[in-house]
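The values are calculated or read from the model by the stated rules, or taken from the named source; none is laboratory data. Source: prediction; values computed, not measured. All Cβ positions, glycine included, derive from the backbone under ideal geometry; neighbour counts span all protein chains shown. Ligands, DNA and RNA are stripped out before the accessible areas are found, and what is left, the full protein with its side chains, is counted by its heavy atoms. Shrake-Rupley method; radii C 1.70, N 1.55, O 1.52, S 1.80 Å.
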Amino acid sequence: MKPSHPGYLPVTGKTYTLFGDGDSTSGYYETIRKLADEVTNNNPLTEELIEEIRVFSRGKRNLRKCLKKNDPGDRMPAILNLIDPHLREYTEKVDEHLKKLPLRKFWDFRLATTREQYHLYMLEIELTNRLYVDKFLKADRKIALLPYCLQDFSVTCKADKNGFDYQCKHCSEICYQNHASLILEEHSIEPYIWMGGDMKQLAKYSFHENRTFGILGIACIPELINGMRTCRKNHIPVIGFPLNGNCCIRWHGEFFPNSIDLEELERLLQ
Ligand code: SF4
């Protein structure tokens, strides 16, 4: 029998939280869906649109300028001005984090992500999901890559290497890896805790077997967008699902519990 979902407590990431000021993430998902609807009402959903957002999001200083001087005739600044005010409640701690970030760490574009970039990444994830979800679901082999920081740190994790990478052994009822893995398996998606599985090997194997494969990534927003872009560049149907916050050692210096919205994950796969 499928265990009931674990208690859903708000998590506060180092820079973002999908809970915003509330005690659930449903507000975030409703908001990002509405914004994506509005964007795609005015612009057809194509690879070109997503690629234009990717390129536009690189110019940090330009993004701030675009917010000050809104030209509605210019497509990318208009999109940024549309989404920015609605997504600010989810990224309140970004500026504080950037002020304290040592100069030597600014080379790491993930750690140095600005607030406007977070908002564009949120939109890019939603649009990419809309564009690729059908192709992903129709792939011969579907792989999900979960981050190890989603596990239950109060037990000794029993995940074990199995094929491509580590797989959950379902030892804890309050572990999000456990629940996410069960949902993914129900949809014929192979769930792996990504500890360094060789993607090139996987791509080669699928190529030789003449089978298509798709990837579902779960990660914090800066990591997720990076992985999704790499997949798109390599013509792999990809969809992505953000962690509720960025709570791992890379951001905080230690691990804090994290979560994902399991109902939204199910919704994405339907
Ligand atoms: S439920 Fe799975 S991922 Fe979570 S601690 Fe146990 S083996 Fe590890």
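As a summary of the residue check, K99 satisfies the conditions (1) in a helix (DSSP H, G or I); (2) more than 23 Å from H252 (Cβ to Cβ); (3) open to solvent by 50 Å² or more (accessible area, probe 1.4 Å) except for the one numbered (2).
Look at region 143-155: where a residue is within 14 Å of I221 (Cα to Cα) and modelled with pLDDT of 95 or more and a partner is hydrophobic (A, V, I, L, M, F, W, C) and within 11 Å of the ligand (Cβ to nearest atom), sitting 6+ places away or on another chain with Cβ atoms under 7 Å, you get L146/A180; L146/I193. Scanning region 18-74 for residues that are within 17 Å of the chain's Cα centre (by Cα) and in a loop (DSSP other than H, G, I, E, B) turns up L18, F19, G20, T25, S57.
Only a single criterion out of (1) touching a helix residue (DSSP H, G or I) at 6+ places or on another chain (Cβ under 7 Å); (2) modelled with pLDDT of 95 or more; (3) farther than 21 Å from R229 by Cα; (4) acidic (D, E) is not satisfied by E52, namely (3).
Looking across region 35-53, just one residue is touching a residue at least 24 places away in the same chain (Cβ under 8 Å), open to solvent by 60 Å² or more (accessible area, probe 1.4 Å) and under 25 Å from G20 (Cβ atoms), and that is E38.
Counting only helices (runs of 4 or more DSSP H) wholly contained in region 170-253, the ones carrying 1 or more residues that are open to solvent by less than 20 Å² (accessible area, probe 1.4 Å) and closer than 22 Å to R141 by Cα occupy 176-186, 199-208, 221-233. Among the residues of region 140-161, those that are more than 16 Å from the ligand (Cβ to nearest atom) and within 19 Å of A180 (Cβ to Cβ) comprise R141, K142, I143.
Could you say whether any residue in region 221-233 is under 30 Å from T91 (Cα atoms), within 13 Å of the ligand (Cβ to nearest atom) and touching a Leu at 6+ places or on another chain (Cβ under 9 Å)?
Looking through region 221-233, none of the residues is under 30 Å from T91 (Cα atoms), within 13 Å of the ligand (Cβ to nearest atom) and touching a Leu at 6+ places or on another chain (Cβ under 9 Å).
Applying the condition of being closer than 24 Å to R211 by Cβ and polar (S, T, N, Q) to region 162-185 and asking which residue is farthest from the ligand (Cβ to nearest atom) yields N162.
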